[in-house]
Amino acid sequence: MIVIITIVLSFLFGSIPTGYLITKKICGIDIRTKGSGNIGSTNVKRIVGTKISIITQTIDVLKGVLSVALGMYLSRIIKLPVSTNTYLSIIAIATILGHDYTPFLKFKGGKGVNTTLGVFIFIAPIPTLTGLAVYFILRLFINIVSIRSIAIGITIPIMCFITKLPISIIISTIIACVLMVIRHKDNLIRIIRKEEK
């Protein structure tokens, strides 16, 4: 029961629509009606600036970090019906799904990049940091944020496989990568049409 409750709580925690709430409170605007209409930090930066974007980004990362941290703590004090790696992997995906499809905004959320980094930084630190490094290296050559973001999603499961992490973690990072690609579907279409900013 505790495991089920924590997974549901992870989903709800991930569902907190950070970009929407912050821009609504500070700027009095509905970020969903501006720019790309996405509530993530990239659109927030375009519309209201870097400072609020960084706040949004930080909180979205922390949603992932804190969900997994709670799971790690509980895995030490209770006997789990599954392995710790499987439990944490489920929590990770639940948190990302909450962010991507928040019930608080009719299941229209962000694209999951920051929250993905947050959930996997403890579960798969080397792959996650490698994905982040790839993002910043690509920044030197590619101006399109969506391409760099998808590169993070692809890099993490590849590095998990290379570093021989447990299969449950590899599977969860593959699922996270697929979700990231799905959430960037419109960006990919614009890239193909050479319309992406």
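Worth a mention:
- If R0 equals 25 Å, the separation of the Cβ atoms of Phe107 and Arg139 corresponds to a calculated FRET efficiency of about 0.20.
- Taking label positions 7 Å along the Cα-Cβ direction at both Ile29 and Ile55, the computed distance is 1.5 nm, reported to one decimal.
- Residue of Ile54, Ile96, Ile152 that the Gaussian network model of the chain assigns the largest fluctuation, springs spanning Cα pairs under 10 Å: Ile54
- Leu21-Val178 pseudo-label distance in nm [points 7 Å out on the Cα-to-Cβ vector]: 3.0
- Sequence-distant contacts, meaning Cα pairs under 8 Å at least 6 residues apart, place the relative contact order of the chain at 21 percent.
- Projected label distance in nm at Ile192 and Val82, using a 7 Å step from Cα toward the beta-carbon: 3.4
- Among [x] 0.92; [y] 0.97; [z] 1.12, the entry that matches Rg/Rh (Cα atoms, Kirkwood Rh) as calculated here: [y]
- Computed from the C-beta positions of Ile4 and Leu62, the FRET efficiency with R₀ = 22 Å rounds to 0.40.
- Applying a threshold of 29 Å to the alpha-carbon distances of Lys164/Lys194; Lys25/Lys106; Lys79/Lys164; Lys51/Lys164; Lys164/Lys197 flags Lys164/Lys194; Lys51/Lys164; Lys164/Lys197 as lying beyond it.
Laboratory data are not the source of any read-out in this text; all were calculated from the coordinates shown. It should be emphasised that the depicted structure is a prediction, and the values quoted were computed from it without experimental measurement. Cβ: placed from backbone, ideal geometry, glycine included. Neighbour counts: every protein chain shown.
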